[in-house]
Amino acid sequence: MSSLLKSIFDRNPGESEFHQAVEEVYETVEKVIKKNPQYQKAKIFERMTEPERLISFRVTWVDDKGDVQVNKGYRVQMNSAIGPYKGGLRFHPSVNPSILKFLAFEQIFKNALTGLPMGGGKGGSDFNPKGKSDGEVMRFCQAFMSELSKHIGHRLDVPAGDIGVGGREIGYMFGAYKKMQNEFTGVLTGKGQGWGGSLIRPEATGYGLVYFAQNMLAEQNDSLNGKTCLVSGSGNVAQFAMKKLLILGAKPVTASDSSGYIYDEDGISSEKLDFIMELKNEKRGRISEYADKFKSAKFFANDTKSDHNPMWAIKADCAFPCATQNEINIKDAKNLIAGGVKLLAEGANMPTMSDAIVELLKAGVNYAPGKASNAGGVATSGLEMVQNYSGIYWTREEVDTRLREIMKGIHDSCLQASKEYGMDGNYQAGANIAGFVKVANAMVAQGII
Ligand code: NDP
Ligand code: 2IT
């Protein structure tokens, strides 16, 4: 391992997810740093891996029984070289500084790739929204925002949703911020229609992911039409990825949650997808209920003792992991390859482990890293910010057209950067290099700060 990586790991002990994300980027940008002495002199990589600010706070709230609950709250303000900090909030019991730092680090490059002026940030809490009443979620969001509000602002740091944070939570947090600050500004994105939200933002990550895959296939004179697709997750990203896949004539056959996955050999049709959306968004139920309702499907519970997830061994053409980090290990990658998968585009952040990526690339699988292929969500958040600043709101078609253009732009910048550095067609290297160079140049121009 290089001494630079070692010193970063030593400075951030025990943060395995953060180390993983940093190493993955470093391996592909090392060449660029070596070719550009100004990046070395200004210690750009060392500075990019150190948050500009990491805010950690206590969140105290009262549950329905009247008991006091204490949670951890965080905001990682990673890099503001090209714009205000921007990135989601995650509410999940696993949330810790390592996970938020990996997400905030990835966000720097992702946001740069969109071409919009947004810096990198991420935040959240170890609060578990599962099984909580609406009243509990609202009180938690208000308590969380009572501290977060001191550190964010529409020109400073603009959070949005991520795992466990959707329209409901954004609404409660926005209401709390507006009341406390006594101002109506676009301090959060993913807001509702009629109070500052952008059309297409709910759909944007999943739609953008599929537009990206469409661009990858178009390079090879191919399309999604008729392709069998494995999708993991059943939340925001997975739902709208499946919706767009169906529109383009593809056949999604799987969906999952943290309890297990369903396999529907006949395909998840648009009527069946409506059932998933109602189940997950309104009833907040479990994906196993899909198999109770549709006899063409089977539910397979997670086997925690297994060294692989059998979902990734199902025969298919394309795979879209849309649940969480590290959901595809090397064994899963080998199973995907054996099952005929030729394209894997990440909807989640860092769902594929590093050795699994190597395996996929070695086998010639067309692989898109999340920081490129899932950037449609934050890009549309950027479009929501523009609409909030200007006070002028665009139609669905206008936002969707811009989203398509942005995804094509990201796709093309990845290919161009990969070509420039002799790794033609490698989207992983291209995404890291294109994102890195843009932020590095801004940092150099702004001096040693
Ligand atoms: P949601 O909360 O809407 O859905 C998350 C889904 O993933 C659920 O099906 C959930 O199952 C499953 N999941 C979450 N954690 C785990 C876990 N530890 N193990 C197994 N399954 C899990 O989140 P999103 O759809 O918004 O986010 C999904 C992924 O996409 C994340 O990696 C996120 O960072 C990324 N992303 C999201 C964007 C957005 O705009 N929302 C933008 C770009 C990336 P269960 O219900 O059982 O918890
Ligand atoms: O990972 C991500 O890009 C998100 N969760 C979306 C962030 C945003 O600000 O819209």
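No lab work stands behind these numbers, since they all come straight from the coordinates. This is a predicted model, so every value here is computed, not measured. Quick reminder, even Gly has a Cβ in these numbers, built from the backbone with ideal geometry, and neighbours come from all protein chains shown.
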How long is segment 207-326 along each principal axis, judged by its Cα atoms, biggest number first, in Å? 39, 33, 25
Taking DSSP loops as anything outside H, G, I, E and B, show the longest stretch in the chain free of GluC sites (Glu not before Pro) there with at most 14 other beta carbons within 10 Å. 266-449
Note: Lys31 to Glu147 extended length (0.36 nm per residue) minus current alpha-carbon separation gives 37.6 nm
If I build a Gaussian network model for the chain, linking alpha-carbon pairs within less than 10 angstrom, which residue out of Gln214, Gln38, Gln416 has the largest mean-square fluctuation? Gln38
Mind listing the Cα extents of segment 1-116 along all three principal axes, in Å, largest one first? 61, 33, 19
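Could you state the orientation-averaged shadow area of the convex hull built on the Cα atoms of segment 95-225, in nm² to one decimal?
10.1
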For segment 60-143, what is the charge dipole size about the Cα centre, in debye to the nearest 20, if Lys and Arg each add +1 at the Cβ and Asp and Glu each add -1 at the Cβ? 300
At 0.890 mPa s and 25 °C, Stokes diffusion of segment 62-102 via Kirkwood alpha-carbon radius, µm² per second: 193
Rounded to the angstrom and largest first, Cα extents along the principal axes for the chain equal 59, 58, 47
Charge dipole magnitude, Cβ of K and R +1, D and E -1 - segment 296-378, Cα centre, debye nearest 20: 160
Please compute the Cα-Cα pair-distance distribution of segment 281-436 with 10 Å bins starting at 0, giving whole percents from short to long. 10, 30, 31, 22, 8, 0
In segment 116-183, the trypsin sites (Lys or Arg not before Pro) that fall in loop regions by DSSP, at most 13 other Cβ within 10 Å: Lys130, Lys150, Arg155
What order, most packed first, do the peptides 65-75, 433-443 have when packing is the mean number of other Cβ atoms within 10 Å of each residue? 433-443, 65-75
What per residue convex hull volume, in Å³, comes out for segment 270-337 when only alpha-carbon positions are used? 119
On average over all directions, what projected area in square nanometres does segment 353-418 have, based on the convex hull of its Cα atoms? 5.7
Computed for the chain: size of charge dipole around the Cα centre, +1 on C-beta of each Lys and Arg, -1 on C-beta of each Asp and Glu, debye to nearest 20, value 720
Per GNM of the chain with C-alpha springs under 10 angstrom, the most fluctuating residue out of Gly208, Gly192, Gly391 is Gly391
Could you give the distance between the Cα centres of segment 317-395 and segment 118-156, to the whole Å? 25
Percent of all Cα-Cα pairs per 10 Å bin for segment 154-248, counting from 0 up to the last occupied bin, reads 15, 38, 25, 16, 6, 1
